[in-house]
Amino acid sequence: MSFSSTLSIATSGLTAASIRARATAENIANANTDGYTRRVVTVEERRVGPSINGVRVANISNVTNEFLTTERLRLDADSSFASTRASAAEKLMTLVGEPGADNGLFSLYANFENALRDAAATPESDLLLRGVVDKGRALATNIQNMSRAADQQRATADRQIGLAVEEVNASLKRLEELNALPASKTTPEVIDERQRLVNSINEKIPVTMQIRDNGINLITDGGAFLLTERAQYLDFTPAGNVGRTQTLGSPLSGLSINGVDITPGGGAGQQTRSGELAGLFEVRDTILPDFQDQLDALATDLINRFADDTVDPTKTAGQSGLFTDGTTTPPTGVPLGIANSLQINAAVDPQKGGATYRLRDGIGATSPGATGNGDQLNRYISAFTSQRTTIGALATSGTRSASELAADMSSNISFQERDYSESSLFASTRAEAATEAEFAATGVDTDTELQQLLLIEQAYAANARVIQIAGQMIDELMGLI
């Protein structure tokens with residue numbers, strides 16, 4: 001072998017070792033960088049004609065595992081969906097209050113009943129009569145505030161849908177730009193950026209990634225194309241404020257791609273079923289309206305319990321009693337949104353020009369009666385504690401007292417919160433396991449990379465030694481001339 005061949009081979013080895021060292025150092029430096037995949041340098045023989053004349057770097061590529069990445073994407077979307085639902089359920093549990101909590105719904109019912117009993121035992125006490133009004137007002141206001149808070153949470157979910165759609169569309173635009181790059185510019189850094197964008201989209205709407213020449217296609221879990229050579233953008237119109245009577249399509253916006261309906265829960269064939277967007281649509285269109293339906297049932301039950309003419313013979317026949325919805329007559333059925341207007345009758349509320357003696361003497365009383373007569377208060381207690389047929393979203397096969405009906409709702413919300421929380425924990429655990437499996441296959445193990453650096457150092461030193469010896473031999477030969 002000639003000196004020139006020897007030097008050429010050794011020099012190519014040095015070059016390859018240098019490139020491998022840089023790639024390995026980059027791996028170590030980015031070991032904790034989110035979305036970074038391990039770089040691998042492929043070295044192959046360099047031929048000149050039939051002869052091997054050293055080595056050359058064929059390419060620098062990312063380590064990928066299509067199966068593990070696909071599985072991780074699916075489980076990430078499921079975790080995002082479950083987390084979104086769990087967060088909404090937790091907020092509802094906070095509104096209702098834990099069973100037994102001082103500020104909880106059931107406690108407000110118990111406080112009102114206790115106030116009635118105290119006043120019935122001492123009907124001449126104006127202080128205790130005021131206590132009944134205060135506790136009744138607190139109960140009605142709490143139900144009203146919970147329903148209005150649910151309206152606000154629906155509006156928040158609607159805004160979050162709009163923001164998520166904007167983020168997805170921005171990521172799609174960038175992916176379209178990356179897809180347009182020629183093969184020579186589709187570097188490992190570009191591939192990592194592309195995967196991070198896909199990860200971000202997938203958290204909001206589940207996608208399957210198809211690798212093609214110099215780019216990718218993205219398909220939603222419902223089978224709609226989000227990205228081919230060009231991006232197909234999501235379409236959604238935020239509502240701003242969301243009222244109790246507003247529903248999907250009337251007038252709340254759904255989700256579409258180029259006019260194709262993919263609204264989660266909308267019944268379309270290509271609807272998306274997981275990810276943050278699906279969770280937010282379920283919160284806006286199902287979880288919160290169901291909660292408000294239960295509040296409407298509670299409000300209607302409270303009004304109707306005291307509206308019976310036998311409960312208060314002094315009031316105008318057929319009109320509402322101790323609780324109203326702001327009108328004079330009790331509701332038929334369970335009116336949508338009645339919880340938003342539940343209030344204690346103004347006739348007994350001093351804050352609205354009423355008088356507390358009407359609790360003792362009846363809504364229709366025009367002047368105070370016998371101060372020691374607690375009959376009317378006892379009729380109120382009987383109405384509050386009597387077993388009545390359940391209605392609306394709280395309908396069951398049995399009957400309930402007012403407090404038992406409130407306990408049913410508290411239990412419903414508590415069970416939902418626990419169920420969604422457990423589902424979220426399970427989904428999160430599976431997603432973390434999938435992430436760890438993918439990282440083990442495609443991420444950076446610093447111990448392995450450090451060992452690789454030692455081998456590269458040895459290869460570099462060996463090639464450098466060859467060049468050194470060749471140089472010495474040339475010097476010796478030149479010295480003989």
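What follows draws every value from the coordinates through simple rules; no lab data is involved. As the structure is a computational prediction, the values presented were derived from the model and not from experiment. With ideal geometry, Cβ positions are generated from the backbone for all residues, glycine too; neighbour counts draw on all protein chains shown.
May I ask you to derive the FRET efficiency for residue 101 and residue 241 from their Cβ-Cβ distance with R0 = 30 Å, giving the value to the nearest 0.05?
The calculated FRET efficiency here is 0.50.
For residue 65 paired with residue 94, estimate the spin-label separation in nm (one decimal), with each label point 7 Å from Cα along the Cα-to-Cβ line.
If labels sit at residue 65 and residue 94, their model points lie 3.8 nm apart.
Tell me the label-point distance for the pair residue 316, residue 389, using the 7 Å Cα-to-Cβ offset, in nm and rounded to one decimal.
Simple spin-label model gives 2.8 nm for this pair.
Rounded to the nearest 0.05, what FRET efficiency is calculated for residue 352 and residue 432 with R0 set to 56 Å and r the Cβ-Cβ distance?
Efficiency at R0 = 56 Å is approximately 0.50.
I want to check the label-to-label distance for residue 370 and residue 180. Put each point 7 Å from Cα in the C-beta direction and report it in nm to one decimal.
The modelled label-to-label distance comes out at 9.1 nm.
In whole Hz, with x marking every Gly and Pro, tabulate ³J(HN,Hα) for segment 295-300 from phi via Karplus 6.51 cos²θ - 1.76 cosθ + 1.60, θ = phi - 60°.
Residue by residue, segment 295-300 yields 5, 4, 5, 4, 4, 4 Hz.
Specify the angular offset, from 0 to 90 degrees and rounded to the nearest 10, of the alpha carbon long axis of helix 66-96 from the longest principal axis of the alpha carbons in the chain.
Rounded to the nearest ten degrees, it is 20.
Using the Karplus curve 6.51 cos²θ - 1.76 cosθ + 1.60 with θ = phi - 60°, work out ³J(HN,Hα) for each residue of segment 127-137 in order, rounded to whole Hz, and write x for Gly and Pro.
4, 5, 5, 5, x, 4, 4, 4, 5, x, 5
Among residues other than residue 421 whose Cβ falls under 11 Å from its Cβ, what is the net charge (Lys/Arg +1, Asp/Glu -1)?
So the environment of residue 421 carries a net charge of -2.
Gain in length, residue 341 to residue 7, computed as 0.36 nm per residue apart minus the alpha-carbon separation, to one decimal in nm?
Computed gain between residue 341 and residue 7 is 111.1 nm.
Taking the 0 to 90 degree range and rounding to the nearest ten, how far is the long axis of helix 446-480 tilted relative to the main principal axis of the chain, both from C-alpha atoms?
Helix 446-480 sits at roughly 20 degrees to that axis.
How much mean residue ellipticity at 222 nm does the chain get from its helices, if each DSSP H run of length 4 or more adds -39500 (n - 2.57) and you divide by all residues, to the nearest 500 deg cm²/dmol? Can you show the working numbers first?
Details: 11 runs with 266 residues, N = 481.
When only DSSP H runs of four or more count, the value is -19500 deg cm²/dmol.
For the chain, give me the percentage of DSSP beta bridges that are antiparallel, rounded to the nearest 5 percent.
Restricted to the chain, the bridges split so that about 95 percent are antiparallel.
Once phi is turned into ³J(HN,Hα) by the Karplus curve 6.51 cos²θ - 1.76 cosθ + 1.60 with θ = phi - 60°, what whole-Hz value does each residue of segment 240-245 show in order, with x for glycine and proline?
x, 7, 10, x, 4, 8
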